[in-house]
Structure formats: C-alpha cells, structure tokens
Amino acid sequence: MEISASMVKELRERTAAGMMECKRALVETGGDMEAAIEHLRKTGVAKADKKASRVAAEGCIVCATADAGGRAVLVEVNCETDFVAKDAGFVAFADAVGRAALAAESTDVAAILSAPGTDGGTLEEQRVALIAKIGENIQVRRAVVTDAGDGTLGTYVHGGRIGVAVALAGGSDELARDLAMHVAASKPAYVDPDQVPESDLAKEREILSAQAKDSGKPPEIVAKMVEGRLRKHLNEITLVGQPFIKNPDQTVGQLLKQHGARVKAFVRLEVGEGIEKKSDDFASEVMAQVRGG
C-alpha cells in the first residue's frame, strides 16, 4: 500500500512522533492508522527503557497551588540537557504533572503518573511518548506537598530551577512570599536550632573543639570559643538565624517576631541536587545524540 503524505501528517498530529518514524510505522503496519499508533507506542516504550539508565540531571521545578491558597505541591521533572528543559512539550508535560500531583494530594510518583494526561492516555504514556519524540531520558523525580492549614502559604520559583514553599502561622501573604524568596537564595537547612539533630550538633562540636585546641588557650576559654562558633554555625544553617535578604541588619527570627508570625515548615527543591552528573564533553554529547545513543 502506498503511504501518502496526508497519512503521515495525520499520524504525526495524533502521536507527535517524528515524520520518518510515522512513515516507518505506517509501512510496517500496511497503512493501518490504529495499528501504526500502537506500533509507535510500543517502540516508544522500548526507547524509554533504553534511555532510562542515562543521567537526567537537568529539567525544571514546577509549583501548583490550590485555589484556596493553603496548599501547594512542588514537583521536579528531569531531562538530560538544559536545551530540552526549555522545550514547550517538556514544559507542558511538567505542568500537567504538577496539576495531577496537586489534585491527587500525593507524593507517590507512580500514582501521579497514572493520572490522565493531556493526550488521552496517562501521564506515564505521555512521558514515554515524549521520550520517543525528544530523544532524551525524562523522569519525574519527586513531589512534595506543603499544607499551611489555616495559616499562610508563600511560594516562589526561581528560573524554573529552584522552587520553595513556606507555611506560616500568622503573618501575611507578602511576608510568606518574601520568606520563600529568602529560602531560595539563602538555602537554610532547618527552621530553627531545635530542628537540628543532636548527632549533627555533637559532630560539629567535636570538629570545632579540635580546631580550638590548636589555639593554645586554656580549656575554659576553648569551651567558650566552641560554643560561640557553634552558635554562629547554627545561625548560618537555620532560617530564623540568617540575616533577612531584604534587610541584612535584621534576622529572619526578628522579622517573624515583628509580624507575630512563626514558620511552620518550608520546602526547597533545586533541579538536579544530589544527582551525580556525567562529565562528558559537549562534542561527545552531541555526537552521541546524532548516533541515537
């Protein structure tokens, strides 16, 4: 059977697959449109399986918030290159995942991907089709839900690469958003010293003690030095101890007291954090893409 250009066009519109892939699928199935669609889905799954082991440390953070404003979900969706992270199809898929995670109130990636996608199938089927179309490994890495309850919720996404949600007791929408921006920039590990694990404190105190002993000062002076340095360290890693980015003369703790507010929780996600990236040079990477690696 002769495969016409209009048939290839229709298959492309229905599957978003490449022109040559559509033509090959139609040839393989003798021009049967539905069989060609199934063939493309199967080959898409095969391609997705092949690419699943490739490092995907680029991508984006999306934030979806409930209409009532008290709940937000941050989702990290990864790909292999920054170029694909800006692709309209990839961005649309990531946004759909964020909306599905919010609707499901779930952090279970498998459950989120079982939700309906935007093309008639599930989000997982949409992910597989996107891999076949773009040619890169695409993964939904994690989702985190933040619920402010009857408090105030602030969210902020910086450049699509850093996402923050802050839940306050008291305060205002403006304060919550300012604090979300602060967390994005200053990267605190904990809200306050009470959240720091005792094991971490003991380890830091041990390190500081070893450093202070080399000073040659009396033990009682060394002890004071250690505690002073430990307080400084805690101010650096806790939100309430950090200088507020909009007014470095004031700590976040002082700002909160001024507004009669308290931070209940915060979440900060950054694209690719904790993922070990391959150090291939750019030329090799491009050649690998050309060869379909």
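The values are calculated or read from the model by the stated rules, or taken from the named source; none is laboratory data. Note that this is a predicted model, so its numbers are computed, not measured. We place every Cβ from the backbone using ideal geometry, glycine too, and count neighbours over all the protein chains shown. The protein model used for the area step is the full one, side chains on, heavy atoms only, and it has no ligands, DNA or RNA in it. Shrake-Rupley method; radii C 1.70, N 1.55, O 1.52, S 1.80 Å.
Computed quantities for the displayed model
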| quantity | calculated |
| --- | --- |
| ³J(HN,Hα), Karplus 6.51/-1.76/1.60, whole Hz, each residue of the range 85-92, x for Gly, Pro | 4, 9, 5, 4, x, 5, 4, 5 |
| Cα long-axis angle, helix 123-134 against the chain (0 to 90 degrees, to the nearest 10) | 70 degrees |
| Kirkwood Rh (inverse of mean 1/r, distinct Cα pairs), the range 87-244, angstrom | 19.2 Å |
| Cα-based helix-to-principal-axis angle, 219-237 vs the chain, degrees rounded to 10 | 30 degrees |
| Under 18 Å from Lys213, Cα to Cα: aspartates and glutamates that are on another chain or at least 8 residues apart | Glu204, Glu227 |
| Carbon + sulfur, % of accessible area of the chain - ligands and nucleic acids excluded, 1.4 Å | 52 percent |
| Centre separation in Å (Cα based) which lies between the range 71-99 and the range 215-242 | 42 Å |
| Expected 222 nm ellipticity per residue - DSSP helices of 4 or more, -39500 (n - 2.57), all of the chain, to 500 | -15500 deg cm²/dmol |
| Degrees separating the helix 19-28 axis from the principal Cα axis of the chain, which is the longest one | 50 degrees |
| Compactness relative to 2.2 N^0.38 Å, alpha carbon Rg of the range 49-110 | 1.21 |
| Mean separation of Cα contacts under 8 Å, 6 or more apart, over the residue count of the chain: relative contact order % | 18 percent |
| Per principal axis, descending, Cα span of the range 94-186 in whole Å | 46, 26, 18 |
| Kirkwood Rh (inverse of mean 1/r, distinct Cα pairs), the chain, angstrom | 22.3 Å |
| Estimated translational D of the range 182-253 in µm²/s (Stokes, Kirkwood radius over Cα pairs; 20 °C; 1.002 mPa s) | 162 µm²/s |
| Radius 15 Å from Cβ of Asn247, net charge of other residues (Lys, Arg +1; Asp, Glu -1) | -1 |
